[in-house]
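Below is one structure, written out as structure tokens, with a few remarks after it.
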Amino acid sequence: MAKKTLAEKMAENSKSVVEALKTNTIGSFSSTENIKKNIIILNELKELIPPLLETEFLALKDNLQKHGCKDPLKVWQTNNNNIGITESPEEIVYVLIDGHNRFQLCNELKIPFNIQIDNFESITEVRNFMIDFQLSRRNITPQQASYLRGIRYNTEKKLVSNNLISNKETEAIFPDGQNVHLENSLILNDANANLKVHLDNDISPDGQNVHLGSSNKKTTAQELGEYFKVDEKTIRRDADFARGLDKLSPEIRKEILAGQIKVEKTKIQRIGKAKEVNEPINSLDEIETIFQNLTKEPSISVNKNPKSEKLVHERYLKLTESLNKAYESKTAKEINALKVAFNKFLEALS
């Protein structure tokens, strides 16, 4: 059976969004109530839900109190193994995938709610569905949309990289344009470590797009750009933005996405590109400091100890003296002496 392309998978996912909107029914009242009492919330999925402003949260609360919870909460039926729980791996669990704010408020206010059960093969499928579902909503902000598209791109690229490594034989392209075939045993060698880095990216060091396999195959950025109706360069910038936000603490990331604090998007993107930034960033001051350190021009370091300063001063005087002699005499001997004095002066500065 032919392997489905990314475009085909996304088309199916888009269809599933429409199908998921149809109300499903659960077998019996008792089983439904039991599921509702045991719904699990995964932080990695909850973080895909754009945060509400305080005014929006209060408006939702008021609406639920007046009109009740009309739309069902969406729940993923799966097992412990699929969500990374090793204990009782085959035990059935129910994970909330849409309606996190309503779920919180309904429990606090004792408001009844309905649930809708959906089936997905993996948590990656769930993440992609949630991203598509959130991007289909009208009240999403440009920054929230950028973050979600970036997460989708980074997830797809990780899957591509993992598939390349797991295949018994993989065709790839070196930065110099030569086709090579990699065996599993070779991929693990240090000599091929840099190649894996190139496979993780659509762009080679010389700035050219790297297409794996057929020359007509589109890059992940191109396919996602067409799917989300944006330029492929926008998708790449979204990916940097998502990586940058993921380097922030959950609290400050939530405040930025909710629009409660303002940070220039380019600063977050620059941080997202920086491999040396690994520790969580906890404040706006830290963001600014890290950004300045990443963008400042390298400068010549000058040893400031007294002995070095004295040496620099002595060689400066010698250089000045040699310059005057060379200017006055214009002889080869004095010009050569000037060159020597100048080189020694530079040595003292370094």
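Please give me the summed charge of the neighbours of V230: other residues whose Cβ is under 11 Å from its Cβ, Lys and Arg +1, Asp and Glu -1.
Summing Lys/Arg as +1 and Asp/Glu as -1 gives +1.
Which net charge results when you count Lys and Arg as +1 and Asp and Glu as -1 among the other residues whose beta-carbon is under 13 Å from that of I97?
Working: positive: K46, K74, R102, R127; negative: E44, E47, D98, D118, E125, D132.
So the environment of I97 carries a net charge of -2.
Relative to a virtual label point 7 Å from the Cα of N139 in the Cα→beta-carbon direction, which members of segment 72-99 show backbone nitrogen distances below 13 Å?
The answer is 99.
If each of I41 and T124 carries a label point 7 Å out from its Cα toward its Cβ, how far apart are those two points in nm?
2.8 nm
Using only protein heavy atoms and a 1.4 Å probe, report how much of V312 is accessible, in Å² to the nearest 10.
Result for V312: roughly 30 Å² accessible.
Can you pull the one-decimal nm distance between simple spin-label points at E87 and E309, each 7 Å off the Cα toward Cβ?
That separation, rounded to one decimal, is 6.5 nm.
Sorting check: for 146-156, 286-296, 243-253, which peptide has the highest mean count of neighbouring beta carbons within 10 Å, and how do the rest follow? Intermediate results must be reported in sequence, preceding the final value.
Numbers: 146-156: 23.4, 286-296: 14.1, 243-253: 19.2.
Ranked from most to least packed, the peptides come out as 146-156, 243-253, 286-296.
Pick out, in residue order, every one of the trypsin sites (Lys or Arg not before Pro) in segment 35-72 that is DSSP loop and has at most 11 other C-beta atoms within 10 Å; say none if there are none. Intermediate results must be reported in sequence, preceding the final value.
On the way: sites: K36, K37, K46, K61, K66, K70; in loops: K70.
Counting only loop positions with at most 11 other Cβ atoms within 10 Å, the trypsin sites (Lys or Arg not before Pro) in segment 35-72 are K70.
Sum up the charges of everything whose Cβ sits under 11 Å from the Cβ of R253, counting Lys and Arg as +1 and Asp and Glu as -1, but leave R253 out.
Values: positive: K247, K254; negative: E47, D246, E251, E255.
With Lys, Arg at +1 and Asp, Glu at -1, the neighbours total -2.
Going down the table (K61/K254; K36/K247; K61/K265; K74/K267), which pairs top 29 Å between alpha carbons? Each step should come with its number before you reach the end.
Details: K61/K254 20 Å; K36/K247 34 Å; K61/K265 31 Å; K74/K267 36 Å.
Going by Cα-Cα distance, K36/K247; K61/K265; K74/K267 fall outside the 29 Å limit.
The values are calculated or read from the model by the stated rules, or taken from the named source; none is laboratory data. Because the structure is predicted, anything quoted here is derived from the model rather than measured. All Cβ positions, even for glycine, are placed from backbone atoms using ideal geometry, and neighbour counts span all protein chains on display. Please note that ligands, DNA and RNA were not included when accessible areas were found on the heavy atoms of the full protein model with its side chains. Shrake-Rupley method; radii C 1.70, N 1.55, O 1.52, S 1.80 Å.
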